[in-house]
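For reference, the structure discussed in these notes is given below.
The values are calculated or read from the model by the stated rules, or taken from the named source; none is laboratory data. Source: prediction; values computed, not measured. Note that we place each Cβ from the backbone using ideal geometry, even for glycine, and neighbour counts take in every protein chain shown. These area figures cover heavy atoms from the full protein model, side chains too; ligands, DNA and RNA do not enter into them. Shrake-Rupley method; radii C 1.70, N 1.55, O 1.52, S 1.80 Å.
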Amino acid sequence: MLDRAFTGSQRYYRLLMGLLVFMGLGFAAYLFQLNKGLTITGMGRDVSWGIYIAQFTFLVGVAASAVMVVLPYYLHNIKVFGKITILGEFLAVASVTMCLLFIIVDLGKPMRLLNVLLYPTPNSILFWDMIVLNGYLFLNILIGWNVLDAERKGVPYPHWVKPLIYLSIPWAISIHTVTAFLYAGLPARHYWLTAIMAARFLSSAFCSGPALLILLAYTVKKYTKFDPGQEAIEKLSIIMTYAMIISVFFVGLEFFTAFYSQIPSHMHSLVYLFKGLEGHRFLVPFMWLFAALAVFALVMLLNPNTKRDEKKLKIACVAVFFSMWLEKGLGLIVAGFIPNPFDQVREYSPSIPEIMIALGVWATGFFVLTVLYKIATSVKEEVA
Amino acid sequence: MKIYNANKIIPGLIIFLGLITFPMWYNMGKAAPPPEIKFDTPVIQQMAVKQCVLPKADMRTGHMQLLNEWRTQVVRNGYRTYVAADGKEYNMSLQNECIKCHSNKTQFCDQCHVYAGLQLGSVPYCWTCHIAPKEAK
Amino acid sequence: MDTNRRSFLKLGGLCALGLGALPVVDALGKSDLPQVMNNPQALVGKRWAMVVDMKKCWEKGKPGCKDCILACHVTHNVPDIGSIKEEVKWLWTEPFENAFPGQESQFLPTEVMEKPFMVLCNHCAQAPCVRVCPTQATFKRADGITMMDFHRCIGCRYCMAGCPYGARSFNWKDPRNFIKTELNMTFPTRERGVVEKCNFCDERLGVGKIPACVEACKDGCLHFGDLQDPNSEVRKILASHFTIRRKPELGTDPSVYYII
């Protein structure tokens, strides 16, 4: 099946070349980082995790959201999702790949990465995260590949795949829950120390993931002969709408607890994000952009006609994706460190090489995604 | 039998073989003479019986395991004294014990490692943190 | 005997297991000599702790005295990076409102509000950094020290996110070029990519010396001892003085106490 990745149109190769350029730039920046140390990033003693870990967190959500097409199809037998599951599974593969890369580029001593396996430490959530993420990657490659291969040959997929599919459903939930536990169990970080962290993560995942998936489905439809189906897209957009409402609601809950209780440590990070703290307001415009995009997306999505209008739906999806990216892939992680344990505000902004590395990882993810989607759509075109 | 794409596969295989055997080719004709390891440090010269922590043969093959053991015992278990088989006690420290006797690190450790192709002296490892002794060059 | 493939493989597997067990047999065989032991002079304790007498420090200490900090940083080759962002520090001072956030009030004695407080790793009994470390590079020793194993640290900085006291510093760049004091040849430096912090001078305790900062304070403001030993100096001081700890409400059970 792999051979289908090597036979493509001019446009396919141009896309891959474009991504390779970004990967190359990112790699060069990473070599620079290896050589100089993490000093080349914007991170520091006080904000010790930056966009790498924030991207990681956001992308775990995108990966987990594959469950939103797998679950209805395999558990509730909603047939329209049948064509789109492979897109969800391969999106998960690409996202988890990016997650793992983001962890690696964040390490001070990447060559010692294997220490996590050499000295397994069950009390560390990071250890579990490593296990569930790798497991999820493995599951999705295995499932996606075998189901697609069976489809190509026109036979039912092997019987041992079915239990794996069922396993992948709770597993998807687990990857994002464990990722939320990375943050939600730290005594010192008030912004993260909230019981609804995992719920927030899952709900924001289940809107940003489907948003991306819908955009990808439209792209696939436009450039290949494979049509994921309008009905599937509409159903997906309903899921996205609910998840978006719940996400925004959860953010509201955080506001209530912080500001009605008036406990300073609970309010500080939110104040920093939306108003600025002690004159520091680097993230304020981004967070208001998040708020505006979220409201805009909700207004669009609550209108039932949007999901039938390709153009409007695309705009809504872009708004959902970017608002959630701002909230989770930028604000949430950084603001957890502000103020620092000494109640001081030390700001963070990513450096140029840091952004280049992050873009490089994103490009790598999209490279993997493009190749996988190429294989999937070629097979689908053949059997159609 | 016919090989499809033989025009690509066979050169490919040749290049592959060349690449994986590269270290062999690279070192050919450079059979370096074994290095002269020097033991002429002030501390060793004053020793009545010139004896390392373990017998010489064991040191030669096993000093990395010994160092690893020392490091675990000191850093993780909090023990600092090592009792050798002959009852002699050593302070389990790389830069304070080994180097007390082998104060000629570049002539001793590095010489041998470079010969063995390890280049521990240059690769950022122990000595990027542990402080190498000052030596008159 | 007829050997089929299956039984051959089984036998092979058993042999391999036997080989794997060899080191164990080896180790059991030659345990007649104690291979490693404590230095006879070593100070031993069950839970090392420190009492910082800030009151005495403000009253007796010469203004701007930094003897303890200097002693610590010289002993451990702590670099002076020279930027707030990438600072590395083991022992330093913070104003009251930063060391004890949330406890300040405008009506406290000006002395408390304006004078510096010594801060360092609290060697918490329930250390969050130890809980989160994915490789046990930071771990609890039997004597209560929250220890760093620099050889194992992968530089993920999860411990820095976990520490409620900001006690941990990461080596964002190679620290060697920034050691402004004379190099202590007996203690290693660190290198870029690992996290570091106060180690309660485990390397000095191991050879019978008290921590460098305690030794350096000529006014006797720093007290060091074993919390589990009822006759220790720290226990006597704790029994007779009112002391506070940083953020006790987090349940970390810090081992550093303050007299104000």
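Below are the figures for this structure:
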| read-out | value |
| --- | --- |
| Qualifying residue in the stretch A:230-253 (condition: under 30 Å from A:VAL345 (Cα atoms), modelled with pLDDT of 95 or more, in a helix (DSSP H, G or I) and in contact with a Lys or Arg (Cβ under 6 Å, 6 or more places away or on another chain)) | yes |
| Yes/no for C:SER255 being of a type in the set (S, T, N, Q), touching a His at 6+ places or on another chain (Cβ under 8 Å) and either surrounded by 19 or more Cβ atoms within 10 Å (Cβ to Cβ) or without any contact (Cβ under 8 Å) to a residue 40 or more places away in the chain (or both) | yes |
| Every residue from the stretch A:101-120 that is closer than 18 Å to A:PHE58 by Cα and open to solvent by 40 Å² or more (accessible area, probe 1.4 Å) | A:LEU101, A:ILE104 |
| Qualifying residue in the stretch C:43-54 (condition: open to solvent by 50 Å² or more (accessible area, probe 1.4 Å), more than 11 Å from every other protein chain (Cβ to nearest Cβ) and touching a Phe, Trp or Tyr at 6+ places or on another chain (Cβ under 6 Å)) | no |
| Flag for A:GLU327 being closer than 25 Å to A:ILE40 by Cα and more than 14 Å from every other protein chain (Cβ to nearest Cβ) | yes |
| Residue that is surrounded by the fewest Cβ atoms within 10 Å (Cβ to Cβ) [pool: residues in the stretch C:176-194 that are facing chain A (nearest Cβ under 10 Å) and not acidic (Asp, Glu)] | C:ARG192 |
| Only listed residue being closer than 30 Å to C:GLY102 by Cα and either in a loop (DSSP other than H, G, I, E, B) or among the hydrophobic types (A, V, I, L, M, F, W, C) (or both), chosen from A:PHE367, A:PHE322, A:PHE342, A:PHE290 | A:PHE342 |
| Given (1) open to solvent by 30 Å² or more (accessible area, probe 1.4 Å); (2) of a type outside the set (Val, Ile, Thr); (3) within 14 Å of chain A (Cβ to nearest Cβ), number of the condition C:SER240 does not satisfy | (3) |
| Extreme residue, farthest from the chain's Cα centre (by Cα), among residues of the stretch B:68-96 that are assigned to a helix (DSSP H, G or I) and more than 7 Å from chain C (Cβ to nearest Cβ) | B:ASN77 |
| Residue that is nearest to C:ARG190 (Cα to Cα) [pool: residues in the stretch A:97-119 that are in a loop (DSSP other than H, G, I, E, B) and hydrophobic (A, V, I, L, M, F, W, C)] | A:LEU107 |
| Subset of the stretch C:194-231 (residues that are among the small types (Gly, Ala, Ser), modelled with pLDDT of 95 or more and over 17 Å from C:ILE69 (Cα atoms)) | C:GLY225 |
| Candidate set: the stretch A:170-224, residues that are open to solvent by less than 10 Å² (accessible area, probe 1.4 Å) and aromatic (Phe, Trp, Tyr); chosen: the one nearest to A:LEU91 (Cα to Cα) | A:TYR218 |
| C:MET160, sole failed condition from (1) part of a loop (DSSP other than H, G, I, E, B); (2) crowded, with 24+ Cβ neighbours inside 10 Å; (3) out of contact with any Leu (no Cβ under 7 Å at 6 or more places or on another chain) | (1) |
| Answer residue from the stretch C:97-154, given it is polar (S, T, N, Q) and under 24 Å from A:PHE127 (Cα atoms) and is most open to solvent (accessible area, probe 1.4 Å) among those | C:GLN126 |
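Matching residues to (1) open to solvent by 10 Å² or more (accessible area, probe 1.4 Å); (2) at the interface with chain C (Cβ under 9 Å from one of its Cβ atoms); (3) within 30 Å of A:SER378 (Cα to Cα):
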| position | (1), (2), (3) |
| --- | --- |
| A:ILE84 | no, no, yes |
| A:GLU89 | no, no, yes |
| A:SER95 | no, no, yes |
| A:PRO122 | yes, no, no |
| A:ILE125 | yes, yes, no |
| A:ASN134 | yes, no, yes |
| A:LEU137 | yes, no, yes |
| A:ILE141 | yes, no, yes |
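Results for (1) closer than 28 Å to A:LEU148 by Cβ; (2) at pLDDT 95 or above; (3) open to solvent by 30 Å² or more (accessible area, probe 1.4 Å), shown as yes or no for each residue.
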| residue | (1), (2), (3) |
| --- | --- |
| A:ILE315 | no, yes, yes |
| A:ALA319 | no, yes, no |
| A:MET324 | no, yes, no |
| A:LYS328 | no, no, no |
| A:GLY331 | no, no, no |
| A:MET356 | no, yes, yes |
| A:LEU359 | no, yes, yes |
| A:PHE367 | yes, yes, yes |
